1. On the Cα set of the chain, report Rg and Dmax in Å, please.
2. Whole Å is fine, so just give me how far the alpha carbon centre of the range 262-285 lies from that of the range 131-208.
3. In the structure displayed, which of K271/K315; K183/K243; K128/K216; K195/K287 lie more than 26 Å apart, Cα to Cα?
4. Count the net charge of all other residues whose Cβ sits under 11 Å from the Cβ of T172, scoring Lys and Arg as +1 and Asp and Glu as -1.
5. Return the loop-located GluC sites (Glu not before Pro) in the range 219-284 (DSSP other than H, G, I, E, B) with at most 15 other Cβ atoms within 10 Å of their own Cβ; answer none if there are none.
6. Report the convex hull volume per residue for the range 246-376, counting only C-alpha atoms, in Å³.
7. Using only the alpha-carbon atoms, what does the range 1-114 span along each of its principal axes? Please give whole angstrom values in decreasing order.
8. Using the crude model of +1 on Lys and Arg Cβ and -1 on Asp and Glu Cβ, and no other charge, please compute the dipole size for the range 246-376 relative to its Cα centre, in debye to 20.
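What follows draws every value from the coordinates through simple rules; no lab data is involved. Predicted model only: the values in this text are computed from it and were never measured. Glycine also receives a Cβ, built like all others from the backbone with ideal geometry; neighbour counts cover every protein chain displayed.
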Amino acid sequence: MKFLSKLIHGGISEDPHTGAVSVPIYQVSTYRQVSPGVHKGYEYSRTGNPTRAALEALAADLEEGIAGFAFASGMAAISTVLMLFRAGDHLILSSDVYGGTYRVMEHVFTRLGLSYTAVDTSKLEEVKAAITPRTRAILIETPTNPLLRITDIAAVSRLAREHGLLSIVDNTFMTPYLQQPLKLGADLVVHSATKYLGGHSDLVAGLVVVSREEFKERIHFLQNSVGAILGPQDSWLLMRGIKTLGVRMERHEENAGKIAAFLQGHPKVKKVYYPGLSTHEGHEIMKRQARGFGAMLSFEVESAEAAQKLLSRVKLITLAESLGGVESLISLPAAMTHASIPLEKREALGISDRLVRLSVGIEDVEDLIEELAYALD
Ligand SMILES: *Cc1c(COP(=O)(O)O)cnc(C)c1O
């Protein structure tokens, strides 16, 4: 089945009992057993729920893994994956991973005995140099937030395998419609499904998809043990969002390409970060490993005041954190999503107070450009 068809018919797409073309919301916690331990595959909804199971099968289909797991949030998914490790283990992280990933690593998992090194994973030598005898995994994001740095997934996965390490990719920004890390050699994929997969800024959810049987058992064990599962209502809502992922991503990206071109030609814009621009570092890698460039972009204006002014003048484009919804969202990373990173570190990463991030929605692009032109002038 081709990808667009899989979005509609993948996983378990109908109710086998009634023929309903949408999987019902099984709002239930427990299941009648025929005799002790004999049941129809479900015993308790933390362990398994039919609505969640349909979503999990769909997630596995889309990422071409062998099993998927749904969690209460992207952070619940990432935290559960981090519980694969034990005290003393060391991980390598992309230096500009999602703020929440950095926070849980730095303030929760290091307390439990994990250690990590954050490196620019777009430079393979830096990744290689950070490997120690205790290293167990490399966790990357590509493109990163907010500077859209590109890491070569196949190269990092190969390096990980050579050293007996796990490779984990946060695929939130791309979705499996544009990029499939497991096919490039990664072991595990994680998602904040809150973003493009859900697509409508109306739910919080996370997914993990695994490539091999051994991870399937371990992640299921952790999902059931820790219990940060996605409920049946949100599982259903997420499946509903995923059905239109393909058409949404096409329009998101088309709009983003046009806006990137507009910004690049604007005299008050100093620099545009968008992987679709041929001048963007990593553009060629992106062409090789993804089917598109996504719809996240950042740009620098002349001063902090200009950035503040721009953000106070937008209306149609919503000033808000998060990304990946049908509506365009704009933010100032230095004051919002990345405010918890100490100033010197933020400056070193290139996240200045002149940098504006835009999650391009699927509104009419002419309206978006008109508003940006007004807000910039
Ligand atoms: C939002 C986000 C997360 C965290 O997901 P939540 O659903 O908010 O818990 C993780 N990684 C990336 C890249 C994100 O954008």
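1. Rg, Dmax (Cα atoms, Å): 20.9, 74.
2. 23
3. Numbers: K271/K315 23 Å; K183/K243 22 Å; K128/K216 28 Å; K195/K287 22 Å.
Exceeds cut-off: K128/K216.
4. Numbers: positive: K195; negative: E141, D170.
Summing Lys/Arg as +1 and Asp/Glu as -1 gives -1.
5. Details: sites: E250, E253, E254, E281, E284; in loops: E281.
Qualifying residues, ordered by number: E281.
6. Numbers: hull volume 14.0 nm³, N = 131.
Here the figure is 107 Å³ per residue.
7. 49, 42, 21
8. Working: 16 positive and 19 negative charges, 60 e Å.
Magnitude of the dipole: close to 280 debye.
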